[in-house]
1. Lone cysteines in the protein assembly as shown, going by a 4.7 Å Cβ-Cβ cut-off?
2. At 20 °C and 1.002 mPa s, grab the translational diffusion coefficient of the range B:57-113 from Stokes-Einstein with a Kirkwood Rh over Cα pairs, rounded to a whole number in µm² per second.
3. Suppose each label sits 7 Å from its Cα in the direction of the beta carbon; what would the B:Asn67-B:Glu95 distance come out to in nanometres?
4. I need the Debye-formula profile for chain A: one equal scatterer per C-alpha, no solvent, reported as log10 I(q)/I(0) at q = 0.14, 0.18, 0.19, 0.20 1/Å, two decimals.
5. By counting other Cβ atoms within 10 Å of each Cβ, how are B:Ile21, B:Ile12 ranked from fewest to most?
6. Within 10 Å of each Cβ in A:50-62, how many Cβ atoms from other chains are there, averaged over the peptide?
7. Would you list, by chain and number, the aspartates and glutamates whose Cα falls below 16 Å from the Cα of B:Lys100, excluding same-chain residues fewer than 8 positions away?
8. Mind checking Rg over Rh on the protein assembly as shown, alpha carbons, Kirkwood formula for Rh?
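A short reminder: the numbers here are calculations on the coordinates, not readings from a lab. If you're wondering where the values come from, they're calculated on a predicted model, not measured in any experiment. Glycine gets a Cβ as well: all are built from the backbone with ideal geometry, and neighbour counts include every protein chain shown.
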Amino acid sequence: ETGVTQTPRHLVMGMTNKKSLKCEQHLGHNAMYWYKQSAKKPLELMFVYNFKEQTENNSVPSRFSPECPNSSHLFLHLHTLQPEDSALYLCASRVGPGGGTGELFFGEGSRLTVL
Amino acid sequence: QQQVKQSPQSLIVQKGGISIINCAYENTAFDYFPWYQQFPGKGPALLIAIRPDVSEKKEGRFTISFNKSAKQFSLHIMDSQPGDSATYFCAASIENSWGKLQFGAGTQVVVTP
């Protein structure tokens, strides 16, 4: 496989459930990101990891918990979510500052619906 | 506070026409301005990008115009084709900030046959 792969593509969960989103990149990049995409709104940066270390938490509620065990994998653990958390969650990766063209490579997203 | 403002929210253009999308930004430290294209069911993909040392960049039918003094940049799609129907996002960042892009809200472009 190449590029950025996200699983699952669709997820429906109740407000008391615990679930996880997974992202894997096969590009040899150093930085990985979680973005939230809601209809008619800008993509919202949630978390940034570089070399497995979290370098950005954009005031995200604690019900979202990221995990980056290595430079190729990124998880977003979800618990006690609210209906307004329903959105498309996008994972992205890039080479890192000073390298490459600055391009972010996105996965196809995980469509989350919270009932 | 939205750092990048994009307009229009949507536009419909006939095949062969010109699509124009505008963006404005506030932070003068931004030095990297990409445009991303997103098709339904897919993630955004980089279309074209510009840095503020040039006023225009062209790649095929896609052109970015950049006005540093006005803090504005725009995407022109020439000879629009039905395959160009997608949502377009402008973005801006400080290049060495680990790619923390600030995105516009997106423009849905529909090209009619």
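1. A:Cys68, each lacking another Cys Cβ under 4.7 Å.
2. 164 µm²/s
3. The modelled label-to-label distance comes out at 2.5 nm.
4. With no solvent term, the Cα-only Debye profile gives -0.52, -0.86, -0.96, -1.06.
5. B:Ile12, B:Ile21
6. 1
7. Within the straight-line limit of under 16 Å, B:Lys100 reaches these aspartates and glutamates: A:Glu44, A:Glu53, A:Glu56, A:Glu103, B:Glu26, B:Asp31.
8. Over the Cα atoms of the protein assembly as shown, Rg/Rh equals 0.97.
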